[in-house]
1. Taking B:Phe71 as meeting all but one of (1) more than 10 Å from chain A (Cβ to nearest Cβ); (2) touching a residue at least 60 places away in the same chain (Cβ under 8 Å); (3) assigned to a helix (DSSP H, G or I), write down the number of the exception.
2. Take the stretch B:286-298 and flag every residue that is under 18 Å from B:Ser151 (Cα atoms) and buried (at least 19 other Cβ atoms within 10 Å of the Cβ).
3. Look through B:Phe264, B:Phe220 and report the one residue that is away from chain A (no Cβ under 14 Å), touching an Asp or Glu at 6+ places or on another chain (Cβ under 9 Å) and either assigned to a loop (DSSP other than H, G, I, E, B) or within 22 Å of B:Ser207 (Cα to Cα) (or both).
4. Restricted to the stretch B:81-131, and to residues that are among the small types (Gly, Ala, Ser) and surrounded by fewer than 22 Cβ atoms within 10 Å (Cβ to Cβ), which residue is farthest from B:Glu303 (Cα to Cα)?
5. Select, from B:Ser73, B:Ser13, B:Ser78, the only residue that is surrounded by fewer than 23 Cβ atoms within 10 Å (Cβ to Cβ) and out of contact with any Cys (no Cβ under 6 Å at 6 or more places or on another chain).
6. Residues of the stretch B:315-370 being in contact with a helix residue (DSSP H, G or I) (Cβ under 9 Å, 6 or more places away or on another chain), charged (D, E, K, R) and either surrounded by 15 or more Cβ atoms within 10 Å (Cβ to Cβ) or assigned by TED's automatic domain parsing to the domain that holds B:Leu204 (or both), which ones?
7. Going by what's in this entry, would B:Val306 be described as within 23 Å of B:Ile129 (Cβ to Cβ) and either of a type in the set (A, V, I, L, M) or touching a strand residue (DSSP E or B) at 6+ places or on another chain (Cβ under 9 Å) (or both)?
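The values are calculated or read from the model by the stated rules, or taken from the named source; none is laboratory data. Keep in mind the model is a prediction, meaning the values are calculated, not measured. Reconstructed Cβ throughout: ideal geometry from the backbone, glycine too, with neighbour counts over all protein chains shown.
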Amino acid sequence: MDSNSFDSILIFQNIHSVLKAEKILKGKNIFYDVVPVPKEIDSSCGMAIGIKSMEMDIVKNVLSTYKFEVKGIYLQKNGRFIRYE
Amino acid sequence: MNELVYLDNAATSFPKPEEVINKITEYLSRYAANPGRSGHKLSLEAGKLVFETRELLSELFNISDSSRIIFTSNATESINYVINSFLKENDHIITTSVEHNSVMRPLRFIERKKHIKIDVVKANRDGLINPYHFKEFIKENTKLIIINHASNVTGVITPVEKIKKIVGNIPVLLDAAQTAGCIPIDVKKSGIDLLAFTGHKSLLGPSGIGGLYIGNNIDFEPVKMGGTGSNSELEKQPEFLPDKFESGTLNVTGIAGLCGSLKFLMKTKVENIREKDKELSGYFINKLLELETVKIYGDLNIENRVPLISINMKNRTSSELCFKLDKEFNIMTRGGLHCAPAAHKTILTFPEGTLRFSSGFFNSEKDVDKTIEALYKISKN
């Protein structure tokens, strides 16, 4: 899947954090994938996690349980990802 | 020619598990891209390999945050990072008399350069260290305790847990070059603050890959800086781990091999390897004790030893023995000083050295029998 399959994108400080977040989300019945960072978002490690915005709170909760730091959250608006927090 | 007997596993383990060769081949033939540098599929595959290897290491050593494990080329590089960067002018450190030159050489260098004060806890002639002796040397400015987890000369294990209890909050750097993969290591239970390990000895991986665990309470400046694939817009080195200490493209081929060997170790279990090692060491020592011309060094209690045994034979030098075993019997060992003059001074075998047999997971009693027979023949010639 690519980033356009998702309406929310979570970015992290490095590839290690992306893959750690993926490991945490695995098996939690959440729709997500590791996707290339959309071109309008500046994150040099190249990878991000795409999720559905309706599951945003669940994802944030799961990650915060593991004291996991998300560098940025972006929402898709009119075909572009805009910084949400 | 006799069938090859490899008893030099303390130098590097051989043979390697099939998993090591398969994983290296898989990486090089299918996704040998640069991890964490791009958004394409192959870079992601390579990134996943590096991540998985770090997670396996954290499981093996009971480390809760795998980002605090950084990849280096070997234990020597890991130890050098700590000694050269963590220690500052006029600090005091305590180490032991059974350290390898990977510790003593950088220590003696900064002793002069940064006026570091070094106290050495002496092991006895059997290579045993009394943990209470550390207490006598603790000063207000003691910054670090450096401990060789097991001597590469005597094989004797240092009681790190007991030492940590005695030194309290002073950080401990454990040199696990001879122990990672052959005795269980639990950084939480043992209170280890810095763990230096290499991939190519008992972890059974390829050479050129090792690592350093850096505890939450430890911080120091990176020795090298550069591209990390993160924060690329900034000319400032990232502060977060592992990126802070991992500039430049990693040795992913080595990491792939280590990933394969860690999977083998997880499946086999270090506890089982330990039991097998103890059994074979006990068998080996008992057979050596039957040879009148042979002297064995170090405490003989197998509970206190990793599977390596140093000996000398009457009227033979260790290098002569090593040469004869190789040329005449196809048995690989190591003679001399094993890059650890301090340890040899401790057991009074300096400067002549010893002959070291170091077995590994793939050795058997048959290998020991052949070696004993060879030693017997040499002693009679």
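1. B:Phe71 satisfies every listed condition except (3).
2. Matches in the stretch B:286-298: B:Tyr297, B:Gly298.
3. Details: B:Phe220 fails: touching an Asp or Glu at 6+ places or on another chain (Cβ under 9 Å).
It is B:Phe264.
4. Only one residue fits best here, namely B:Ser85.
5. On the way: B:Ser13 fails: surrounded by fewer than 23 Cβ atoms within 10 Å (Cβ to Cβ); B:Ser78 fails: surrounded by fewer than 23 Cβ atoms within 10 Å (Cβ to Cβ).
Step by step, each of B:Ser73, B:Ser13, B:Ser78 is checked, and only B:Ser73 is surrounded by fewer than 23 Cβ atoms within 10 Å (Cβ to Cβ) and out of contact with any Cys (no Cβ under 6 Å at 6 or more places or on another chain).
6. B:Arg316, B:Lys324, B:Arg334, B:Arg356, B:Asp367, B:Lys370
7. Working: within 23 Å of B:Ile129 (Cβ to Cβ): yes; either of a type in the set (A, V, I, L, M) or touching a strand residue (DSSP E or B) at 6+ places or on another chain (Cβ under 9 Å) (or both): yes.
In short, yes.
Matching residues to (1) free of Cβ contacts under 8 Å to residues at least 12 places away in the same chain; (2) within 14 Å of chain A (Cβ to nearest Cβ); (3) of a type outside the set (Lys, Arg); (4) at positive phi:
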residue	(1), (2), (3), (4)
B:Ala10	no, no, yes, no
B:Gly47	no, yes, yes, no
B:Leu57	no, yes, yes, no
B:Ile93	no, no, yes, no
B:His100	no, no, yes, no
B:His115	no, no, yes, yes
